[in-house]
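Where a number appears in this text, it was derived from the coordinates with a stated rule and is not lab data. Note that the coordinates shown come from a computational prediction; the quantities given were computed from them, not determined experimentally. So basically every Cβ, Gly included, is an ideal-geometry build from the backbone, and we count neighbours across all protein chains shown.
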Amino acid sequence: MLRRAVFPLAAIVIALLHFSCGSSESIESVTPKGLDFFFCNYWEDQNQDGVIQPKEWVGIKDTFRVSERLEFVGEITGKKGAKVQFKLLDPERVVVKADEQVAGEDTYLGRYSFEPYDLFKKGGAGRYSVEWYVNGNLIRRLDLTLLN
């Protein structure tokens, strides 16, 4: 099951538009220093302030078991109005999920949540790839390993 959240950043704090459940949260300095694209288990609002802080991303890594939660996060800056695409490919390089949005602000943050077991049922264990595109140009490819 895919739950998708895509939102722009304006200055340090803006509202988060969460498409999967309609909730709204604020964010500040969203990605951990040095990371603009990463995998993690989830975001946890540890201090209950409704603001995403870098230390609140739980389980940043690139290997996941089917029993874990899995979230893909990508931050793209300087591309207001650009077409941003996300693709998830299984070990056979077949597209499992794709999405396209228009960056509404100068900084765009995409969050995609998956249940690893659902991925496992479709494509099995192995090396999955996530690709991010801006205006049709590949800007980042990340690989993750899904274990049974």
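At a 10 Å Cβ-Cβ cut-off, how would you order Ser67, Ser113, fewest neighbours first?
Fewest to most other Cβ atoms nearby, the residues stand as Ser67, Ser113.
Rank these for me by crowding, Tyr108, Tyr128, Tyr42, Tyr133, going from fewest to most other beta carbons within 10 Å.
Ascending Cβ contact count within 10 Å gives the list Tyr42, Tyr133, Tyr108, Tyr128.
Label Tyr117 and Asn148 with points 7 Å out from Cα along Cα→Cβ: what is the distance between them in nm?
About 1.6 nm, to one decimal.
Report the gain in length on full extension from Arg127 to Arg140: 0.36 nm times residue separation, minus Cα-Cα distance, nm rounded to one decimal.
Roughly 3.1 nm would be gained on extension.
Once the dipole of segment 75-131 is set up with Lys and Arg at +1 and Asp and Glu at -1 on Cβ about the Cα centre, which of Gly110, Thr77, Leu88 lies farthest towards its positive end?
After comparing all options, I get Leu88.
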